[in-house]
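Below you'll find the structure, written out as structure tokens, and then a few comments.
The values are calculated or read from the model by the stated rules, or taken from the named source; none is laboratory data. Note that the coordinates shown come from a computational prediction; the quantities given were computed from them, not determined experimentally. Please note: Cβ atoms are built from the backbone with ideal geometry, for glycine as well, and neighbour counts cover all protein chains shown.
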Amino acid sequence: MSEEIERDVMTCGVCIVGAGPSGMSAAIKLVQMINAHNEAIDNGSKQGTRIDEESLGVDVPVIVIEKGGMVGAHSISGAVMNPVALAELFPNYKEEAPLEYEADIDEVVQLTAAGARKLPITPPTMINHGNYIVSLGKVIQWMGEKFSELEQDVYATFCGQEILYEGSKVIGVRCGDKGVNPDGTPKSNFEAGMDLHAKVTILCEGSRGSMTKQLIKKLNLQNINPMVYATGCKEIWEVPEGRMEGRKVVHTMGFPLDNKTFGGGFVYHMKDNMVSVGMITALDASDPQMDPHKNFCKFKQHPFIKQILEGGKMLSYGAKTLPEGGWNTVPKMAGDGFMICGDAAGLVNTPKLKGIHYAMKSGILAAENAFDMLTSGDFSASSFERYIQAVTDSFIGQELIPFKNFRPLMKKGIFPMGLVKGGINYFSKGKYPWVNMKLHEDHTEIQPMAAYYPGGKPEDDIKYDNKELIYDKLTDVYNSGATHEEKQPCHLKVDTAKCKECYEKFGSPCEAFCPAQVYNIVRDEKTGAFERIQVDFSNCVHCKTCDIRDPFQAINWVCPEGGGGPMYNNL
Ligand code: SF4
């Protein structure tokens, strides 16, 4: 249908897709620069032409679209934020931004099934002095308010559905339609998605952005390694007074993950007796039944974590993927018509567990480059590619390049050799190892059931109480605030012809890896044989795990009707 209908076209100078940390930073920086430029022209302190609709010959100089129902609704992270990039945008951020605490005490704890041992020395990459514990959602909402003070609005509930090209040049994005029946026919409230034609398109879609994925494939932008990911599940808890004090940042290794599965847990102290508790599991785990949500629940049951949460109240839940492959997995970040920022470009420092300041800085650098293009009128491909050099020369490149092999070094197990090699990698400033180590797409690492569980899969021993400590997926989905218009086409495009084979070979990993119980296999009651897959798409929290980990790559996540998805609170 979308090919045949007539669409409104809005022309813009710069189109920013996604209002997360990179998108909001790009938008704010660009508008700050345009305003300062125009003011200087107006008061005669600078020669040149104003940047506005008229000089650019467009309907709007800058537009930001966001698929969530409001700015910050889909923003989630641990999070301990390095404030360096936020300080560039807002020198008064310490007084103005909604920060929780400046991190004071760092602990790294190794967990075994029943024990906990604090490492005597905190690894240098895990020292957080000068960083801030934050709710990313709150920070992004605040940035949205700052953007409003610049007399600009984010177009929330507008999802980018596909990239528009002229040959291989990106010329903008098409927004998703609204008011479409599940069978694709229009409802009475049908609204065709607008085409946004832009001189500059900045993709800030976050981890495994659905349009960024299309773009990387179409223009062959992949680096020497594909991007690899982990899934993090997180809750905010209000805990009894005195349970966690001292502006503390705790990271854990070990239980419940086996030695070959990369990941770990965290507990961060927030204001008002709240804690942020979460668990990250790498998506290259060979266990076909790997379940990030179950790992999170087991983590909370560990005595070391339980004693913090017990008697408290769970307030909200969310899940997201994070790109953790490092510099050699970052795709070509710019080309004719476009730039890619933040998580969408894989800009995450895995040994430091930091990505928000890279997202913000890359947004700022994209904005500076876009500003130069708007003022010079030079929109050539090479002008866009200046952004790649700017990122490489910034602290992002300086910090990521030496650790480009960090994630591959963990592939053969974390204790003890992964940590030893990681330490040598750190202290040699990346000189060891001297080669580029290989990574493979996460889904290719999953083993068949028969190989991973030769004696059959053991019985599941986890019991969800749904009121005291561990919550099943559906209860957690409720606490994520996720909703979707039920009468719309399913946004999880599943090639169901592959499902039976996947069930027989891998035991349908989608049932396990989805942290929101979207995928349910209907089995024959007597024989347990596969009958069909049921996809409850309205539970989806937009984490993208399925798009990444499905062993047959038979699931394609596309953006649902704008406004659907989680409504994260304080995450
Ligand atoms: Fe995440 Fe996919 Fe499940 Fe949605 S359906 S919550 S994107 S794994």
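Below is a table of values for the structure above.
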read-out	value
Residue list for region 512-542, restricted to those being crowded, with 19+ Cβ neighbours inside 10 Å and assigned to a loop (DSSP other than H, G, I, E, B)	C514, P515, A516, V518, C540, V541, H542
Any hit, region 39-54, residues being among the small types (G, A, S), over 16 Å from G172 (Cα atoms) and at pLDDT below 95	yes
Selection from region 301-341 of residues that are over 17 Å from E205 (Cα atoms) and of a type in the set (D, E)	E310, D336
Residue that is modelled with the lowest pLDDT [pool: residues in region 398-429 that are among the polar types (S, T, N, Q) and part of a loop (DSSP other than H, G, I, E, B)]	S428
Check on I462, touching a Phe, Trp or Tyr at 6+ places or on another chain (Cβ under 7 Å) and hydrophobic (A, V, I, L, M, F, W, C)	no
Filtered residues of region 532-571 (kept if among the basic types (K, R) and within 12 Å of the ligand (Cβ to nearest atom))	K544, R549
Single condition N128 does not satisfy, out of (1) in a strand (DSSP E or B); (2) touching a residue at least 40 places away in the same chain (Cβ under 8 Å)	(1)
Qualifying residue in region 433-449 (condition: at pLDDT below 95, out of contact with any helix residue (DSSP H, G or I) (no Cβ under 9 Å at 6 or more places or on another chain) and at negative phi)	yes
Among (1) more than 9 Å from the ligand (Cβ to nearest atom); (2) within 30 Å of F299 (Cβ to Cβ) - the single one K498 does not satisfy	(2)
Close pairs from region 530-550: first under 20 Å from S77 (Cα atoms), partner modelled with pLDDT under 95 and within 7 Å of the ligand (Cβ to nearest atom), Cβ under 6 Å, at least 6 apart	none
Filter pass, I51 being free of Cβ contacts under 8 Å to residues at least 24 places away in the same chain, touching a Ser or Thr at 6+ places or on another chain (Cβ under 8 Å) and not polar (S, T, N, Q)	no
